[in-house]
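Notes follow once the structure below has been shown.
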Amino acid sequence: MRVAHPHGNKETLQRLVESAPPPEWTKRPRAKDDLRKRARELRTLGWTYGQMQAELACSKSSVSLWVRDLPTPEPKCTPEEQRARMNAGLTHLRDAQDQERQATKAAAEAAVGELTDRELFFAGVALYWAEGAKDKPHRRTEVLQFINSDPNVITLFLRWLEFLGVQRERLTLRVSIHESADVEAAERFWAGVAGVDTSAFSRATLKRHNPRTVRKNTGDTYHGCLVIYVRQSADLYRRMEGTWYGIVGAATRQPD
């Protein structure tokens with residue numbers, strides 16, 4: 001009777017396993033072949049991992065995976081040329097990132113479509129509760145008063161008031177801005193946003209400048225804030241506040 005070698009079956013199995021192709025489920029997804037090919041070409045030209053990452057707009061770990069079997073080449077360009085290539089690659093990377101960013105924003109904007117009256121009402125309520133003046137138990141001020149520096153926010157708030165039937169004659173408008181800014185230019189800017197004449201503005205509120213503060217809101221793009229006060233708006237304020245708490249309750253209510 002022949003006795004099998006204690007390691008014979010193991011060695012035979014090992015040879016069979018080594019010669020057999022790996023099962024499909026063990027294979028990794030195919031890498032981006034075009035990027036891998038380009039990375040290997042750049043590596044042979046002396047490019048560093050950082051340069052290839054910037055040029056190909058991919059992670060450094062992917063670059064390393066694609067070219068780590070290649071020998072480290074001698075640089076074939078001067079330090080100045082290397083910096084120029086790096087800067088060009090970084091510009092390419094930032095452009096690609098910006099295009100992706102803008103595409104995401106554009107797709108999200110297009111997905112909104114038309115707003116129903118109910119959606120507009122809820123959007124205005126949420127906007128006011130985030131940015132508008134609120135009534136306090138120690139200070140009863142049930143009136144709509146809104147201030148913001150974003151023209152789009154102001155435009156939406158004015159559209160919301162229009163939807164609620166508030167006539168422009170009930171609005172008191174004024175600019176709040178640093179005293180060192182161009183007040184007349186700011187009033188012209190906000191008049192264009194609100195669709196009114198500058199004569200409709202009350203006297204601007206000027207904020208004193210603190211020399212120790214380093215302000216970034218300066219220059220031609222600084223227009224201060226627009227303050228909107230709605231006269232005879234106590235009932236609208238109560239409806240707004242009640243709706244806000246209704247939204248919170250509906251959003252947090254547990255299903256039965």
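The values are calculated or read from the model by the stated rules, or taken from the named source; none is laboratory data. As the structure is a prediction and not an experimental result, all values here were calculated from the model. Quick reminder, even Gly has a Cβ in these numbers, built from the backbone with ideal geometry, and neighbours come from all protein chains shown.
Evaluate the following for Leu65: is it at pLDDT 85 or above and either part of a helix (DSSP H, G or I) or out of contact with any helix residue (DSSP H, G or I) (no Cβ under 7 Å at 6 or more places or on another chain) (or both)?
So Leu65 passes the test.
Would you confirm whether any residue within the range 206-222 is outside any loop (DSSP other than H, G, I, E, B) and at pLDDT 95 or above?
No, the conditions are met nowhere in the range 206-222.
Are there any helices (runs of 4 or more DSSP H) wholly within the range 71-173 with 1 or more residues that are under 30 Å from Gln232 (Cα atoms), and if so which?
On the way: elements: 79-112, 117-131, 151-163.
Where helices (runs of 4 or more DSSP H) fall fully within the range 71-173 and carry at least 1 residues being under 30 Å from Gln232 (Cα atoms), they are 117-131, 151-163.
Step by step: first the residues of the range 175-194, then only those that are hydrophobic (A, V, I, L, M, F, W, C) and in a strand (DSSP E or B), then the one that is nearest to Asn152 (Cα to Cα). Which residue is that?
Step one: list which residues in the range 175-194 are hydrophobic (A, V, I, L, M, F, W, C), which gives 175, 177, 181, 183, 185-186, 189-191, 193-194.
Add one more test, that the residue is in a strand (DSSP E or B), and what stays is 175, 177.
On the way: Val175: 16, Ile177: 18 Å.
Within the range 175-194, the match that is nearest to Asn152 (Cα to Cα) is Val175.
Can you pull out every residue in the range 195-207 that is surrounded by fewer than 19 Cβ atoms within 10 Å (Cβ to Cβ) and within 17 Å of Leu158 (Cβ to Cβ)?
Gly195, Val196, Asp197, Thr198, Ala200, Ser202
I'm trying to understand the selection: among the residues of the range 133-158, which are in contact (Cβ under 8 Å) with a residue 24 or more places away in the chain, farther than 20 Å from Arg203 by Cβ and under 24 Å from the mean Cα position of the chain (by Cα)?
Pro151, Val153, Thr155, Leu156, Phe157
Residue check: is Ser180 of a type in the set (Gly, Ala, Ser), modelled with pLDDT of 95 or more and either touching a Gly at 6+ places or on another chain (Cβ under 8 Å) or over 23 Å from Ala234 (Cβ atoms) (or both)?
The answer is no for Ser180.
If I go through the range 97-129 residue by residue, how many of them are closer than 20 Å to Arg159 by Cβ, among the small types (Gly, Ala, Ser) and surrounded by 10 or more Cβ atoms within 10 Å (Cβ to Cβ)?
3
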